[in-house]
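Novice: Before we start, here is the structure in question, set down as structure tokens.
The values are calculated or read from the model by the stated rules, or taken from the named source; none is laboratory data. The structure presented is a predicted model; accordingly, all values stated were derived computationally and were not measured. We place every Cβ from the backbone using ideal geometry, glycine too, and count neighbours over all the protein chains shown. Calculation scope for accessible area: heavy atoms of the full protein, side chains included, ligands and nucleic acids excluded. Shrake-Rupley method; radii C 1.70, N 1.55, O 1.52, S 1.80 Å.
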Amino acid sequence: MTDDVTRLQAAGRALRTAAPHRLAATVREVLCGPYGAENADFLIGDYGLKVLQPVSATADPAQAVPVHGSAAGRAFGAQQPFVLEDDDGRAWMHLPVTVRGDRLGVLSVTLPPGARPEADMAELVELAQILGHEVSVAERDTDVYRQARRRERLTLAAEMQWQLLPARSSAGPEYALGAQLEPAYAIFGDNFDWTVSADRLLLYVTDGMGEGMDASLLTSLGINALRNARRAGIPIADQAALADQAVYAQYRGEAHLSVLLVDLELPSGRVRVVDAGSPRMLRLRDGAVTPVSLDAQLPLGMFEGTDYTAQEFRLRPGDRLLFVSDGVHAVAAPGGEQYGERALARAFTATRLLPAADVPAAVLRELSGHRGRPEPDDDALVVCLDWFGKQPTGA
């Protein structure tokens, strides 16, 4: 046991001291050395969450594996290790690389015949977690991991939007959260942002007016104004008012930003919401989907000096909330029929058994079928939030 602990400690130290761009190479060296693996690859999820791509300077895009229908994808989706063995005893272990609920990718390890995957399972799971933490830190100093996420080139507007975003999923004892944008490589106006403290989760779902760079610049201003107000510690209604002033000062009413601001008290489930525009919210409770009725207020930046009011409601343990932009609820089928709340409720119900992190992509796939073509005409944003209730301490 002492040797095992020392081996894991040495592996962790090797990753912590590696150059930021060499984490994939370092984890391969560690696994092919002390752990006796034949090979190891770090695969990272692309921006569209369609494939897992190898992180390597010499990686071939043809080596990417689909998130759906592959062994590595199964580990990524289930967030559980997945092991395959052949008749010769060779084993392939696929381990999720995740940081505080944010799904980064998969560590795929090939073990030689005769190795016992179960003997090293706990250590390798922990090593994959260490890798995830180090990648999150290393991204401050290198573009390697952001480049590896790309199946194709991002538009400049999309580059700006992805730089604004937090993680695409997050989880804690009281909640789980997931979000996804389409078209991933050409998004321009829709955005989401969140922050978590000891007892609160604040979430913004935004839909910027316009197209291309104009929409991206507008959303960037709005998000940073909201963050500035939030970090000053003021309530969400005042956050909306201050961001409204910032947008109006820049655009003088010629452009505006639709936003839904949500403040969730994690221990109690009390929610305060400011509805300032087009994003919609639905609730799944006890198998039934209902729209959350809110008083519509003006989008940010329409007029000078707009006042905002927060409304309040409570969640029950097990409640799930779905937030969508107008690129989801207002999208039209080839015959002109809008997707609407009824179809959205069906898609929401159909995903009830999925974890929150998987729901947005599943809803967007359903939306693609309604639209009748793969690429949307407008941005589409889906955010899913589960609230589990206050968890017992010491459990």
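Novice: Whole number in Å², please: accessible area per residue of the chain, 1.4 Å probe, ligands, DNA and RNA not counted.
Specialist: 45 Å²
Novice: If contacts are Cα pairs under 8 angstrom and at least 6 residues apart, what is the relative contact order of segment 114-271 in percent?
Specialist: Values: 186 pairs, mean separation 30.2, N = 158.
After rounding, I find 19 percent.
Novice: Continuing with this model, one more query. Only residues of segment 110-127 count here: report those whose backbone N is under 16 Å from the spot 7 Å along Cα→Cβ of SER56, or say none.
Specialist: Taking a point 7 Å out along Cα→Cβ of SER56, the residues of segment 110-127 whose backbone N falls under 16 Å are 110-111.
Novice: As an exercise, use a Förster radius of 41 Å and the Cβ-Cβ distance of PHE303 and ALA10 to find the FRET efficiency, rounded to the nearest 0.05. Don't skip to the end; give the middle numbers.
Specialist: Working: r = 62 Å, r/R0 = 1.51.
With a Förster radius of 41 Å, E is 0.10.
Novice: Return the FRET efficiency for the residue pair GLN311, GLN63: r is the Cβ-Cβ distance, R0 is 56 Å, and the value is rounded to the nearest 0.05. Intermediate values should be presented prior to the final figure.
Specialist: Numbers: r = 50 Å, r/R0 = 0.89.
Computed FRET efficiency for GLN311 and GLN63: 0.65.
Novice: How large is ³J(HN,Hα), in whole Hz, for each residue of segment 15-23 in order, when computed from phi with the Karplus curve 6.51 cos²θ - 1.76 cosθ + 1.60 and θ = phi - 60°, using x for Gly and Pro?
Specialist: Karplus values, whole Hz, x for Gly and Pro: 6, 5, 9, 5, 4, x, 7, 10, 5.
Novice: Quick one: which residues, 5 or more positions from VAL99 or on another chain, have an amide H under 5 Å from its amide H? H modelled 1.01 Å from N in the peptide plane, none for Pro or chain starts.
Specialist: LEU104
Novice: Using the alpha-carbon centroid of each, what span in Å lies between segment 200-276 and segment 128-154?
Specialist: Result: 28 Å between the Cα centres.
Novice: Convert 25 °C to kelvin, take the viscosity as 0.890 mPa s, use the Kirkwood radius over C-alpha pairs of segment 241-352 as Rh, and evaluate the Stokes-Einstein diffusion coefficient in µm²/s, rounded to a whole number.
Specialist: Details: Rh = 15.6 Å.
Once the numbers are plugged in, D ends up at 158 µm²/s.
Novice: Going by accessible area, probe 1.4 Å, with all protein chains left in place, what is the ranking of TRP387, TRP92, largest first? Let's see the in-between values first.
Specialist: Details: TRP387 10, TRP92 85 Å².
The residues order as TRP92, TRP387, largest area first.
Novice: In whole percent, what relative contact order does segment 1-146 give with Cα contacts below 8 Å and a gap of six or more residues?
Specialist: Contact order relative to length: 23 percent.
Novice: Write down Rg/Rh for the chain, rounded to two decimals, with Rg from the C-alpha atoms and Rh from the Kirkwood relation over Cα pairs. Mind dumping the intermediate values first?
Specialist: Working: Rg = 22.2 Å, Rh = 22.3 Å.
So for the chain, dividing Rg by the Kirkwood Rh gives 1.00.
Novice: A further question on this structure: What residues qualify as long-range amide H neighbours of GLU38, i.e. H under 5 Å apart, gap of 5 or more or another chain, H built at 1.01 Å from N?
Specialist: Here the answer is THR110, LEU111, since their amide H atoms fall under 5 Å of that of GLU38.
Novice: Name the residues whose placed amide hydrogens come within less than 5 Å of the amide hydrogen of TYR47, ignoring near sequence neighbours (fewer than 5 apart) on the same chain.
Specialist: Under 5 Å from the amide H of TYR47: ARG151.
Novice: When averaged across all projection directions, what area in nm² does the alpha-carbon convex hull of segment 99-192 cover?
Specialist: Working: hull surface 33.0 nm².
Mean projected area of the Cα convex hull: 8.2 nm².
Novice: Provide PHE303, PHE313, PHE42 ordered by accessible surface of protein heavy atoms (probe 1.4 Å), highest first.
Specialist: Largest accessible area first, the list is PHE303, PHE313, PHE42.
Novice: While we're looking at this one, here's another question. Report Rg/Rh for segment 9-158, rounded to two decimals, where Rg is the Cα radius of gyration and Rh the Kirkwood radius.
Specialist: Details: Rg = 14.7 Å, Rh = 15.5 Å.
Computed over Cα atoms, the ratio is 0.95.
Novice: Here is a further query. On the protein heavy atoms, probe 1.4 angstrom, tell me the percent of accessible surface of the chain carried by carbon and sulfur. Can you show the working numbers first?
Specialist: Numbers: 8730 of 17780 Å².
The C+S portion of the solvent-accessible surface of the chain is 49 percent.
Novice: Mind checking the full-extension length gain between GLU118 and GLU159? Use 0.36 nm per residue of separation minus the Cα-Cα distance, one decimal, nm. Mind showing how you got there, number by number?
Specialist: Values: separation 41, 0.36 × 41 = 14.76 nm, distance 4.13 nm.
Here the segment from GLU118 to GLU159 would lengthen by 10.6 nm.
Novice: Something else about it: Please report Rg over Rh for segment 216-284, where both radii come from the alpha carbon positions and Rh follows the Kirkwood definition. Mind dumping the intermediate values first?
Specialist: Details: Rg = 12.9 Å, Rh = 12.9 Å.
Reported Rg/Rh, Kirkwood definition of Rh: 1.00.
Novice: Checking the a/c ratio against 1.5 first, then a/b against b/c, what shape does the Cα gyration tensor give for segment 131-175? Can you show the working numbers first?
Specialist: Working: a/c = 2.35, a/b = 1.41, b/c = 1.66.
Because a/c hits 1.5 or more and a/b fails to exceed b/c, segment 131-175 counts as oblate.
Novice: For a bin width of 5 Å, list the pair-distance distribution of segment 168-296 built from all Cα-Cα distances, rounded to whole %.
Specialist: Pairs per bin, as whole percents: 2, 9, 19, 22, 21, 15, 8, 3, 1, 0.
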